[in-house]
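Reviewing the structure listed below.
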Amino acid sequence: MSLRARFFLFFLALVLLPIPARPEAGPKAGSLPALQAEVQRLRELEFLRPVQALEMSLEQAGQEVRQMLGRDLGNPTTQGREVFLQSLGLLPEGTSLEASLASLFGEQIRGLYDPRKQVFVVVRDAPDPLTSSGLPAVVGLDLAELYTLHELVHALQDQHFGLLALEERTRGRFDALMALRAVLEGDANLVMFQAAARRMGLDAGILVSLLGSGPAPSLPGLDAYPQFQEAPRFLQEFLTMPYFQGMGFVAALHRAGGWPKVDAAFRDMPASTEHILHPEKFLGGEDPPLRVDLSALPERFGSHSLLSEDTAGEFLIRVWGEENLGTELGREAAAGWGGDSWRVYSADQSRFFLWVTAWDTEADAREFEALARKARAAHPDRIERHGARVLVISGAPGDLVQVVSSAAGKAKIHP
């Protein structure tokens, strides 16, 4: 089999969803210590203690995930994000992020590392569509081992860098959370792909040099997951971006300075998805995100009170752009992002948002303004550009629009 064909089958076999699927057999008895030793060799980092495994049924694992999502998403910040995403057309009206993600994870979950319990959860009796397709046998891969390696990297990350502490630092900040997820999953995915390359007799160094040098690989095989196929594009991108763009980011760091460079990123995390999508900026210490400060704005406009505040970031704007302008123009409209903040205000059945965005140049701001005007053409939104700053107000009562616009003009942009 040619090298090119082997690489094609390799990528085809290793399509993953956010919680990597595992075949029903689970890891072989006694294999966990050997796989931990392999992770140590590949990742060049030693476990501080053995990783404990805990078996669960698919139903029990689903309940575990729902509890985790409830802790993370059951708050006003999530409600505000839902309003914001629905207003942009990225989520259907009435969509619950918590319920949607619980459903998607429930379809896919076969194993995970739980940092609260510090255990690797193995899901029993859950068939894997990829395994049943026979494809892994063609390329000689044991997916159970590879998926276990992926989760063991998360255990290694937790022991050295503290996953819960890292997550806490990003609480309430969507863009920073997505950047963190990209580092975590990109790291684990890169180790897993290196392990797979070695099993197939391929040069793992060549693999590292290729990853991140072009667009993310296509995602064949996802038709095995009907709920994923039916999910809004935003949720699909939300689930897959950390695995592929994240792996490209980590591969870029690895090329620049090996695993020590990746370890350094855990101690000084990328501050935004802009750095994940453009790793050369992170490596060069360039273009740190601007802080768009809305603290001078009132917490009430008439009967509307502040529900939540957050940052969208380049990743979310890119998805919005691709939805409305196509891939190339959508990405151009998101590039040049400098920083942003949005607020959602709520009163009984009425809600609106204001969104202040800052751009690297006026040309970048004009591209985003054009995107916003096209995407919101059917809505009575107020869209204003002042130099390299663009304001979007959506859903505000007519008598409040000018008041909100004047207040938003007080937003401060900090380096």
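The values are calculated or read from the model by the stated rules, or taken from the named source; none is laboratory data. The shown structure was predicted, so the numbers you read here are calculated from the model rather than taken from an experiment. Note that we place each Cβ from the backbone using ideal geometry, even for glycine, and neighbour counts take in every protein chain shown.
Per-structure values
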{"read-out": "Near pairs, Cβ below 9 angstrom, 6+ apart or cross-chain, from region 362-384 (closer than 17 Å to Ser87 by Cβ and in contact (Cβ under 8 Å) with a residue 40 or more places away in the chain) to any residue that is assigned to a strand (DSSP E or B) and of a type in the set (Val, Ile, Thr)", "value": "Phe368/Thr357; Phe368/Val390"}
{"read-out": "Pick from region 366-389, criterion among the small types (Gly, Ala, Ser) and surrounded by fewer than 20 Cβ atoms within 10 Å (Cβ to Cβ), ranking: nearest to Leu329 (Cα to Cα)", "value": "Ala370"}
{"read-out": "Criterion (β-branched (Val, Ile, Thr), in contact (Cβ under 8 Å) with a residue 60 or more places away in the chain, surrounded by 18 or more Cβ atoms within 10 Å (Cβ to Cβ) and within 19 Å of Asp310 (Cβ to Cβ)) met by exactly one of Val392, Val404", "value": "Val404"}
{"read-out": "Whichever residue in region 356-370 is of a type in the set (A, V, I, L, M) and under 18 Å from Thr311 (Cα atoms) and, among such residues, is farthest from the chain's Cα centre (by Cα)", "value": "Ala365"}
{"read-out": "Of residues in region 41-86 being over 24 Å from Ile109 (Cβ atoms) and within 20 Å of the chain's Cα centre (by Cα), the one surrounded by the fewest Cβ atoms within 10 Å (Cβ to Cβ)", "value": "Gln86"}
{"read-out": "Matching option when the condition is among the charged types (D, E, K, R), touching a Phe, Trp or Tyr at 6+ places or on another chain (Cβ under 8 Å) and at pLDDT 95 or above, among Glu384, Glu309", "value": "Glu309"}
{"read-out": "Residue in region 211-233 that is modelled with pLDDT of 90 or more and assigned to a helix (DSSP H, G or I) present", "value": "yes"}
{"read-out": "Residue that is farthest from Glu167 (Cα to Cα) [pool: residues in region 52-74 that are in contact (Cβ under 8 Å) with a residue 40 or more places away in the chain and outside any helix (DSSP H, G or I)]", "value": "Ser57"}
{"read-out": "Cβ pairs under 8 Å, 6+ apart, first in region 81-102 and within 18 Å of Gly321 (Cα to Cα) and in the same structural domain as Arg376 (by TED's automatic domain parsing), second surrounded by 19 or more Cβ atoms within 10 Å (Cβ to Cβ) and among the aliphatic types (A, V, I, L, M)", "value": "none"}
{"read-out": "Unique residue being touching a residue at least 24 places away in the same chain (Cβ under 8 Å) and not in a helix (DSSP H, G or I) when the list is Leu146, Leu141, Leu152", "value": "Leu141"}
{"read-out": "Conditions (1) out of contact with any Ser or Thr (no Cβ under 7 Å at 6 or more places or on another chain); (2) at pLDDT 85 or above; (3) not aromatic (Phe, Trp, Tyr): number failed by Asp142", "value": "(2)"}
{"read-out": "Residue within region 276-292 that is within 22 Å of His150 (Cα to Cα), in contact (Cβ under 8 Å) with a residue 60 or more places away in the chain, among the basic types (Lys, Arg) and not in a loop (DSSP other than H, G, I, E, B) present", "value": "no"}
{"read-out": "Failed item, numbered, when Lys261 is tested on (1) without any contact (Cβ under 8 Å) to a residue 40 or more places away in the chain; (2) in contact with a Phe, Trp or Tyr (Cβ under 6 Å, 6 or more places away or on another chain)", "value": "(2)"}
{"read-out": "Any hit, region 14-30, residues being assigned to a helix (DSSP H, G or I) and either of a type in the set (Gly, Ala, Ser) or at pLDDT 95 or above (or both)", "value": "no"}
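Table: residues versus (1) small (Gly, Ala, Ser); (2) out of contact with any Pro (no Cβ under 8 Å at 6 or more places or on another chain); (3) under 25 Å from Pro232 (Cβ atoms); (4) at pLDDT below 90.
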residue	(1), (2), (3), (4)
Leu35	no, no, no, no
Gln40	no, yes, no, no
Gln60	no, yes, no, yes
Arg71	no, yes, yes, yes
Gly80	yes, yes, yes, no
Gly94	yes, yes, yes, no
Gly106	yes, yes, yes, yes
Ser132	yes, yes, no, yes
Val138	no, yes, no, yes
